[in-house]
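**Student:** One structure is given below, represented as structure tokens, and several questions about it will come after.
The values are calculated or read from the model by the stated rules, or taken from the named source; none is laboratory data. Please read all numbers here as calculations on a predicted model, not as lab measurements. Cβ: placed from backbone, ideal geometry, glycine included. Neighbour counts: every protein chain shown.
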Amino acid sequence: MPVTRYVAWWNLENLFDEENSPLRTEKVRRTLGDSLKGWTPVLRDLKIKQLATVIAQMNDGVGPDLLGVCEVENRHVLDLLVAQLAVLLPGRVYAIVHADTDDARGIDVAFLYDARQFEAPEDEVFFHVVMRRNATREIVQVNFRTRPGDRTWSVFGNHWPSRSGGAAESAGFRDIAGETLAYFHQRALEVHGPATPVLAMGDFNDEPFDPSLVIHALSTRQRQRVLLADTPRLWNLMWPIMGIADGSFYYDNQPNMLDQFLVNKFMVVEQAVIRAEPATVAILRFPGTVAPGDYPKPRPFGGMGQPVDPQGFSDHFPIAMRVIEAD
């Protein structure tokens, strides 16, 4: 029978290790300065517990099969998160792919995946550098092997350069990230075969209509254009929910759709062996994760110089969808 996979993405908002972590490099320590002052192991662990309660509610309470995350400082905090999930989801066996990147603030991209459903061969994990003057996150590519189907599924985790300094002033950095994604999308097809299914997910720090995604990453709102184009393109699955007055992130009380799923034609065609289900794409707003007030914003945990809300989670909502693997 076909197998349904539940896939999610979440920006965990500054999931840093404790203030005096011995795992932090001197370079990152200098960059962060006093921003982690008062970030105790107790607060770190409380935030992790809060995040885990949300992840455990995904997929009707059995957790995601594959979860991409960003804004995590190191492998240690991911291990703590997986340990907490093991308490809440004893039926899961989560493994980790973590990109220890050269980002100036020390924040990384990672995948948590059920090791009984996927394999991540060491020689099929790649960290693609996004070239710019300042250090930034890399795009993480994992060519997963599905179990028991034994099919290659190329998945890209993205956390593109931020809008710090202004959206227009920083746009060129995200354009470069888009070009990088488009290049390695094409390389995945060249290496693993022209019918390789590809999923790109992440916090792109741009909207689906911005040039970084449309022109440079070659994404589109048109399913047909993805199917008919000679150049490998990506169908942005967030477009159908763009019309609602909501988003995965809020800035100045304005909703933004920065967190997105993009799929190539081989996750779209009827005969796809790993097929996206566009109608299942959703922004997840579980009880308690929406901030009190006039706008339905995510409820952040805080820290990094901001007041801590022990009932908070992240300044982004997670997004999720279902994917069907054929017999």
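**Student:** Criterion first (of a type outside the set (D, E, K, R), over 22 Å from Asp315 (Cα atoms), modelled with pLDDT of 95 or more and in contact with an Asp or Glu (Cβ under 8 Å, 6 or more places away or on another chain)) does Ala177 satisfy it? First the steps, then the outcome.
**Tutor:** Details: of a type outside the set (D, E, K, R): yes; over 22 Å from Asp315 (Cα atoms): yes; modelled with pLDDT of 95 or more: yes; in contact with an Asp or Glu (Cβ under 8 Å, 6 or more places away or on another chain): no.
Criteria not met by Ala177.
**Student:** Could I ask something else about it? Quick check on the stretch 307-314. Is at least one of its residues under 30 Å from Phe144 (Cβ atoms) and over 15 Å from the mean Cα position of the chain (by Cα)?
**Tutor:** The answer is yes; a qualifying residue exists.
**Student:** Quick check on my filter: what residues within the stretch 287-306 are among the polar types (S, T, N, Q) and over 21 Å from the mean Cα position of the chain (by Cα)? Steps first, answer last, please.
**Tutor:** Of all residues in the stretch 287-306, those among the polar types (S, T, N, Q) come to 289, 306.
Result: Gln306, single match.
**Student:** Return only the number of the condition from (1) in contact with a Phe, Trp or Tyr (Cβ under 8 Å, 6 or more places away or on another chain); (2) in a loop (DSSP other than H, G, I, E, B); (3) surrounded by 16 or more Cβ atoms within 10 Å (Cβ to Cβ) that Arg132 does not satisfy.
**Tutor:** So Arg132 meets the others, but not (3).
**Student:** Being outside any helix (DSSP H, G or I) and surrounded by 16 or more Cβ atoms within 10 Å (Cβ to Cβ) is the filter; apply it to the stretch 163-201 and report the residue that is nearest to the chain's Cα centre (by Cα). Reasoning before the result, please.
**Tutor:** Quick first cut of the stretch 163-201, residues outside any helix (DSSP H, G or I) only: 163-166, 193-201.
Filter again for surrounded by 16 or more Cβ atoms within 10 Å (Cβ to Cβ), leaving 163, 196-201.
Numbers: Arg163: 17, Thr196: 21, Pro197: 18, Val198: 15, Leu199: 11, Ala200: 9, Met201: 5 Å.
Result: Met201.
**Student:** Quick one: Leu36 ticks every box in (1) in a helix (DSSP H, G or I); (2) over 17 Å from His316 (Cα atoms); (3) in contact (Cβ under 8 Å) with a residue 12 or more places away in the chain; (4) out of contact with any Pro (no Cβ under 9 Å at 6 or more places or on another chain) bar one, so which box is it?
**Tutor:** (1)
**Student:** From Pro2, Pro22, grab the single residue that is within 26 Å of Pro307 (Cα to Cα) and surrounded by fewer than 20 Cβ atoms within 10 Å (Cβ to Cβ). Please lay out each step first, then the result.
**Tutor:** Details: Pro2 fails: within 26 Å of Pro307 (Cα to Cα).
Unique residue meeting the criteria: Pro22.
Residue-by-condition table, conditions (1) crowded, with 16+ Cβ neighbours inside 10 Å; (2) at pLDDT 95 or above; (3) part of a loop (DSSP other than H, G, I, E, B):
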residue	(1), (2), (3)
Arg275	yes, yes, no
Pro278	yes, yes, no
Ala282	no, yes, no
Pro287	no, yes, yes
Pro292	no, no, yes
Phe301	yes, yes, yes
Gln311	no, yes, yes
Ser314	yes, yes, yes
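**Student:** Further question: Being crowded, with 21+ Cβ neighbours inside 10 Å and not aliphatic (A, V, I, L, M) is the filter here; which residues of the stretch 25-49 pass it?
**Tutor:** Of everything in the stretch 25-49, those that are crowded, with 21+ Cβ neighbours inside 10 Å and not aliphatic (A, V, I, L, M) turn out to be Trp39, Arg44, Lys47.
**Student:** Let me ask you something else. Any residue in the stretch 80-99 that is farther than 19 Å from Val198 by Cβ, touching a residue at least 60 places away in the same chain (Cβ under 8 Å) and not polar (S, T, N, Q)?
**Tutor:** Of all residues in the stretch 80-99, those farther than 19 Å from Val198 by Cβ come to 80-96, 98.
Checking the rest, the ones that are also touching a residue at least 60 places away in the same chain (Cβ under 8 Å) come to 81.
This time we only want the ones that are not polar (S, T, N, Q), so: 81.
Within the stretch 80-99, one or more residues are farther than 19 Å from Val198 by Cβ, touching a residue at least 60 places away in the same chain (Cβ under 8 Å) and not polar (S, T, N, Q).
**Student:** Right, next: Under the condition of being in a strand (DSSP E or B) and under 14 Å from the mean Cα position of the chain (by Cα), which residue from the stretch 147-162 is nearest to Ile107 (Cα to Cα)? Walk me through it before giving the result.
**Tutor:** Let us first name the residues in the stretch 147-162 that are in a strand (DSSP E or B), namely 152-159.
Checking which are under 14 Å from the mean Cα position of the chain (by Cα) leaves us with 155-159.
Values: Val155: 20, Phe156: 17, Gly157: 13, Asn158: 12, His159: 10 Å.
For the stretch 147-162, the residue satisfying everything is His159.
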